[in-house]
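Engineer: Please read through the structure below; I'll follow up with questions.
The values are calculated or read from the model by the stated rules, or taken from the named source; none is laboratory data. As the structure is a prediction and not an experimental result, all values here were calculated from the model. Glycine gets a Cβ as well: all are built from the backbone with ideal geometry, and neighbour counts include every protein chain shown.
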Amino acid sequence: MSGGRPGPGNGANCGGPVAGVDEAGRGPLAGPVVVAAVILDPARPVAGLADSKTLAPARREQLAALLRAQALAWAVIEVDAAEIDRCNILAASLAGMARALRALSVAPALALVDGNRLPPDLPCAGRAIVGGDGSEPAIAAASILAKVHRDQRMVELDRCHPGYGFAEHKGYPTAGHLAALLRLGPCPAHRRSFAPVRACLAPGLPLPGLP
């Protein structure tokens, strides 16, 4: 999923557009990890950008709509549970970052990536920034788009796989989610490489998080 408009970028100091990159959903037991990349348009700024975790859900959705309308370019990529299980969550997240940057309708000259690691196959120069979602507007914008998209996907998965409470906990290992795993077993959206899910597939293993 991507969007944007042709035009000048905001990366004058690096010779071209600057993209912010962030992910949502590394910790949950189910659902995709979602990565977003955003190039903001300096001619159409979006006020109130902040780390998505600090914003109320309604405010995140308002800002996401503004970003999709006003950003120079944006892209959102899902990396599903099967790929996470094949290559591990870190590698899946890094792969999603590179894909999101390649999906932008405007090629970035520099990617500002939240965290302390850069993908090995970036299509442009990159800079990793710890806490970047709270200090760099473009990364904050990416965190908002990724979080809103993932929350919506988990609501859809809740309809497809009722009983787990995905719409409420978004796949995170809450007590209710762990109890549902024990009662129902994993569904296709669960990450089988994660310990609490793996325990449900191996009889006799204790389920982490439950007494």
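Engineer: Out of the residues in segment 169-211 meeting the condition of being within 21 Å of residue 79 (Cα to Cα) and either among the acidic types (Asp, Glu) or assigned to a helix (DSSP H, G or I) (or both), tell me which one is modelled with the highest pLDDT.
Structural biologist: Only one residue tops the list, namely 169.
Engineer: For segment 47-71, give me each residue that is small (Gly, Ala, Ser), within 30 Å of residue 174 (Cβ to Cβ) and not in a loop (DSSP other than H, G, I, E, B).
Structural biologist: Narrowing segment 47-71 to residues small (Gly, Ala, Ser): 47-48, 50, 52, 56, 58, 64-65, 69, 71.
Of the ones still in play, those that are also within 30 Å of residue 174 (Cβ to Cβ) are 48, 50, 52, 56, 58, 64-65.
Result: 52, 58, 64, 65.
Engineer: Condition first: buried (at least 24 other Cβ atoms within 10 Å of the Cβ), farther than 16 Å from residue 129 by Cα and either free of Cβ contacts under 8 Å to residues at least 40 places away in the same chain or aliphatic (A, V, I, L, M) (or both). Now tell me which residues in segment 93-118 satisfy that.
Structural biologist: The answer is 100, 101, 104.
Engineer: Within segment 86-93, does at least one residue satisfy the condition of being over 13 Å from the mean Cα position of the chain (by Cα), under 30 Å from residue 195 (Cβ atoms) and either in a strand (DSSP E or B) or among the small types (Gly, Ala, Ser) (or both)?
Structural biologist: Within segment 86-93, one or more residues are over 13 Å from the mean Cα position of the chain (by Cα), under 30 Å from residue 195 (Cβ atoms) and either in a strand (DSSP E or B) or among the small types (Gly, Ala, Ser) (or both).
Engineer: Something else: Please go through segment 15-46 and pick out each residue that is among the aliphatic types (A, V, I, L, M) and part of a loop (DSSP other than H, G, I, E, B). Explain how you work it out, then say what you get.
Structural biologist: So in segment 15-46, the residues among the aliphatic types (A, V, I, L, M) come out as 18-19, 21, 24, 29-30, 33-40, 43, 46.
The answer is 29, 40, 43, 46.
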